[in-house]
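K.L.:
The structure that follows is given in the form of structure tokens.
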Amino acid sequence: QVQLVESGGGLVQAGGSLRLSCAASGDTICIGGMGWHRQAPGKERELVATITSSGSTKYVDSVKGRFTISRDNTKNTLYLQMNSLKPEDTAVYYCNARQTVTPAIGCIYGMDYWGKGTLVTVSS
């Protein structure tokens, strides 16, 4: 099992910055790709950014050039650096970790783990 705990959310003015962190614990050896999703009030959850185990990244168009996803595999921590924040970035941000199927090292089942989320509020 993997546990994910997000931190770093808070209130920030438009144009400001925040860095979110996601600490992974448990059977982290099975974790492959990781990502950040967000859910704004009254909206459906959307994918924000992903990063593979080797560091390849992808972003939703609305955050390209402003957000940077990164990971420290030694610390089992995922980050999301958010710059030039806009009110529309206001949402609960969730950390996601994908467990890969690698039987040779005991990773038998593929599945997704989720943190409980951290709230980011951007004021205008």
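K.L.:
For the stretch 70-80, check the following and say yes or no: at least one residue is among the basic types (Lys, Arg) and either within 23 Å of residue 123 (Cα to Cα) or exposed (fewer than 15 other Cβ atoms within 10 Å of the Cβ) (or both). Spell out the reasoning first.
P.N.:
At the first step, the residues of the stretch 70-80 found to be among the basic types (Lys, Arg) are 71, 75.
When the remaining residues are screened for being either within 23 Å of residue 123 (Cα to Cα) or exposed (fewer than 15 other Cβ atoms within 10 Å of the Cβ) (or both), the result is 75.
Yes, the stretch 70-80 contains a residue that is among the basic types (Lys, Arg) and either within 23 Å of residue 123 (Cα to Cα) or exposed (fewer than 15 other Cβ atoms within 10 Å of the Cβ) (or both).
K.L.:
I've got another one for you. Could you check, for the stretch 36-43, whether at least one of its residues is open to solvent by 50 Å² or more (accessible area, probe 1.4 Å), at pLDDT below 95, out of contact with any His (no Cβ under 6 Å at 6 or more places or on another chain) and not hydrophobic (A, V, I, L, M, F, W, C)?
P.N.:
Yes - at least one qualifying residue is present in the stretch 36-43.
K.L.:
Considering the stretch 84-121 alone, what residues qualify as being loosely packed, with under 13 Cβ neighbours inside 10 Å and of a type in the set (Gly, Ala, Ser)?
P.N.:
Scanning the stretch 84-121 gives 104, 106, 110.
Okay, residues lined up against (1) at pLDDT below 95; (2) open to solvent by less than 30 Å² (accessible area, probe 1.4 Å):
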position	(1), (2)
29	yes, no
34	no, yes
51	no, yes
59	no, no
62	no, no
67	no, yes
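Matching residues to (1) within 19 Å of residue 22 (Cβ to Cβ); (2) touching a residue at least 40 places away in the same chain (Cβ under 8 Å):
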site	(1), (2)
54	yes, no
66	yes, no
74	yes, no
84	no, yes
98	yes, yes
105	no, yes
112	yes, no
118	yes, yes
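K.L.:
While we're here: Out of the residues in the stretch 69-116 meeting the condition of being small (Gly, Ala, Ser) and outside any loop (DSSP other than H, G, I, E, B), tell me which one is modelled with the lowest pLDDT. Break it down into steps so the answer makes sense when it comes.
P.N.:
First pass over the stretch 69-116, keeping only residues small (Gly, Ala, Ser): 70, 84, 91, 97, 104, 106, 110, 115.
Cutting the leftovers down to outside any loop (DSSP other than H, G, I, E, B) gives us 70, 91, 97, 104.
Details: 70: 98, 91: 98, 97: 96, 104: 93.
Within the stretch 69-116, the match that is modelled with the lowest pLDDT is 104.
K.L.:
Open to solvent by 80 Å² or more (accessible area, probe 1.4 Å) and closer than 19 Å to residue 115 by Cα: is that true of residue 1 in this structure? Even if it seems obvious, please write down each step before you answer.
P.N.:
On the way: open to solvent by 80 Å² or more (accessible area, probe 1.4 Å): yes; closer than 19 Å to residue 115 by Cα: yes.
Criteria met by residue 1.
K.L.:
So which strands (runs of 3 or more DSSP E) stay within the stretch 2-51 end to end and still have 3 or more residues that are under 22 Å from residue 106 (Cα atoms) and in contact (Cβ under 8 Å) with a residue 24 or more places away in the chain? Even if it seems obvious, please write down each step before you answer.
P.N.:
On the way: elements: 2-7, 10-13, 18-26, 31-39, 46-51.
Answer list for the stretch 2-51: 2-7, 18-26, 31-39.
The values are calculated or read from the model by the stated rules, or taken from the named source; none is laboratory data. Only a predicted model underlies this, so the values are computations on that prediction, with no experimental measurement involved. Glycine also receives a Cβ, built like all others from the backbone with ideal geometry; neighbour counts cover every protein chain displayed. Keep in mind that these areas ignore ligands, DNA and RNA; they rest on the heavy atoms of the full protein, side chains included. Shrake-Rupley method; radii C 1.70, N 1.55, O 1.52, S 1.80 Å.
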